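Chemist: To start, I am sharing the structure in question, which I have written as structure tokens.
The values are calculated or read from the model by the stated rules, or taken from the named source; none is laboratory data. This structure is a prediction, so every number in the text was calculated from the model and none was measured. All Cβ positions, glycine included, derive from the backbone under ideal geometry; neighbour counts span all protein chains shown. Each accessible area value is taken on the protein alone, full model and side chains, heavy atoms only, with ligands, DNA and RNA left out. Shrake-Rupley method; radii C 1.70, N 1.55, O 1.52, S 1.80 Å.
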Amino acid sequence: MVYLDNAATTPLLPEVREAMAPYLDERFGNPSSTHRFGRDARAGIEAARRQVAEGIGARPDEVVFTSGGTESVHLALVGAWLAAGARRHVVTSQAEHHAVLHTCDFLQQLGAKVTFVPPGPDGSVGVDAVLEALREDTGVVSLMRVNNETGAITDVDAIARAVKRVHPDIVVHSDMVQALGAVPVALADSAVDLASFSAHKLHGPKGVGALYVRKGTRWQPVLRGGSQERGRRAGTEHAAGIAGFGAAVARLTGSAAHGKRIRRAREAFLAALEGLPGVAYNSPPSGVPGIVNLAFIGIRADVLLMRLDLEGVAASAGAACTAGSPEPSHVLMACGHTEARVRSSVRFSFSELIEPEEAAWAGRTVRRVVDALRQ
């Protein structure tokens, strides 16, 4: 079986599992406890905080650990909006992950006004489109760095700088769940105020994420209770998961080898499909190498995916959180594609664990199955 759904989740690496193991066994203490068991757990969390901070180009005290990307997004948007006072307008895009879109729906229930900017044909969002959507009462802007369905890259740093020139008090958030490990992330040199991350997209464990909160950002905590995470996110920390998150980020820091391996796998896959008629690219050439979204014109994606699964290739029609939904991809529809094309589109996503030979075999399998379905 060749697994080509790494944008949904990635397998846990042995070194990550090894980093987690002590906190599932002898270092089981509550990190908030002052005895040795608690101090050992706390030390592991703070070591991981330094690893994540280095990986995203931030200060350790700007990293808040959460239960995953969705919670990080929710805390960022709700916390920024609650702290915005009279600036109750939010700007985001139609191509965001549902974690952002559904949180914006919730904010509208609380009284927010939200503008959903249409993306370009590849799923990225331009500076001018965001600036045109700003209002006098805009308080929050949220845009993803890498689109989870097309792999398109949005220049969030340029957008954040442009937004700050219009009004420095506007808080800019970015969903960077698909960005870390795929594009450079250096938040200390950026105008982005808040950023969301998830461990399981990086060969780390599920159920762990992080929220970057730039020092001095107008934002307030949402999850109340204990004083964990410096009072910014209540709840006993998942020490084992956090240790795994730190290990997963640390192995990426300063290394470009994983990106080269992903690119080789992608190239081998696409080479095996070369010349297959009726294939359209939904992903732009400038997108990240780990995500390729293809439309197989005239073939239903759900039928193709079932056949591929039987043949030993795992892929998806888009975000895992919407699997089984009868609705076509909101991202591809927002990009302006026809519903027929969207319903024939499949996302293949790669990791460094996939050998080029495996990727080439998967590409040949896709080709054979597509030919059979068309006949």
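Chemist: Provide the percentage of antiparallel DSSP beta bridges, counting only those with both residues in segment 164-214; round to the nearest 5.
Modeler: Numbers: 5 of 9 bridges.
Here the share of antiparallel DSSP bridges comes out near 55 percent.
Chemist: Which lysines, on any chain, are close to residue 164 with Cα under 18 Å apart, when same-chain ones fewer than 8 places away are left out?
Modeler: Candidates past the 8-residue exclusion: 215.
Chemist: Nearest 10 degrees, 0 to 90: what angle lies between the long axis of helix 301-311 and the longest principal axis of the chain (Cα atoms)?
Modeler: The angle comes out near 80 degrees.
Chemist: Quick one: how many Å² of residue 81 are accessible to a 1.4 Å probe, rounded to 10?
Modeler: Approximately 10 Å² of residue 81 is accessible to the 1.4 Å probe.
Chemist: Over the chain, give the accessible area per residue in Å² for a 1.4 Å probe, as an integer.
Modeler: Ligands and nucleic acids excluded, the figure is 41 Å² per residue.
Chemist: Mind giving me the nanometre distance, one decimal, between the label points for residue 372 and residue 36, set 7 Å out from Cα along Cα→Cβ?
Modeler: 6.1 nm
Chemist: Which order do you get for 333, 144, 306 if you rank them by accessible area with a 1.4 Å probe, largest at the top?
Modeler: Working: 333 75, 144 10, 306 120 Å².
In descending accessible area the options line up as 306, 333, 144.
Chemist: Give the Kirkwood hydrodynamic radius (Å, one decimal) of the chain, defined as one over the mean of 1/r across all pairs of different Cα atoms.
Modeler: Final number for the Kirkwood radius of the chain is 21.3 Å.
Chemist: Under a no-solvent Debye model with one identical scatterer per Cα of segment 222-375, what's log10 I(q)/I(0) at q = 0.13, 0.15, 0.20 Å⁻¹?
Modeler: Summing over Cα pairs of segment 222-375 leads to -0.73, -0.87, -1.22.
Chemist: Right, something else. Between segment 103-134 and segment 330-351, how far is it from one alpha carbon centroid to the other, in angstrom?
Modeler: What the calculation gives is 20 Å, centre to centre.
Chemist: Say we join alpha carbon atoms closer than 10 Å with springs in a Gaussian network model of the chain; which of 58, 257, 247 then has the biggest fluctuation?
Modeler: Result: 257 has the largest fluctuation of those listed.
Chemist: Top mean-square fluctuation among 363, 275, 55, Gaussian network model of the chain, C-alpha springs under 10 Å?
Modeler: Evaluated over the chain, the most mobile residue of the options is 275.
Chemist: Would you kindly derive the ³J(HN,Hα) couplings of segment 329-344 from the backbone phi angles with the Karplus curve 6.51 cos²θ - 1.76 cosθ + 1.60 (θ = phi - 60°), listing them in order in whole Hz, with x for Gly and Pro?
Modeler: 3, 5, 5, 5, 5, 5, 6, x, 6, 5, 4, 4, 5, 4, 6, 10
Chemist: Would you mind checking the tilt of helix 257-273 against the longest principal axis of the Cα atoms of the chain, expressed as 0 to 90 degrees and rounded to 10?
Modeler: Roughly 20 degrees, rounded to the nearest 10.
Chemist: What percentage of the solvent-accessible surface of the chain, computed with a 1.4 Å probe over protein heavy atoms, is contributed by carbon and sulfur atoms?
Modeler: Summing carbon and sulfur atoms, their accessible area is 53 percent of the total for the chain.
Chemist: At residue 132 and residue 116, where each label point lies 7 Å from the Cα along Cα→Cβ, what is the point-to-point distance in nanometres?
Modeler: In this crude spin-label approximation the distance works out to 1.8 nm.
Chemist: Tabulate in residue order the Karplus-calculated ³J(HN,Hα) for segment 15-23, using 6.51 cos²θ - 1.76 cosθ + 1.60 with θ = phi - 60°, rounded to whole Hz; enter x for Gly and Pro.
Modeler: Values, residue by residue: 5, 6, 4, 5, 5, 7, 3, x, 7 Hz.
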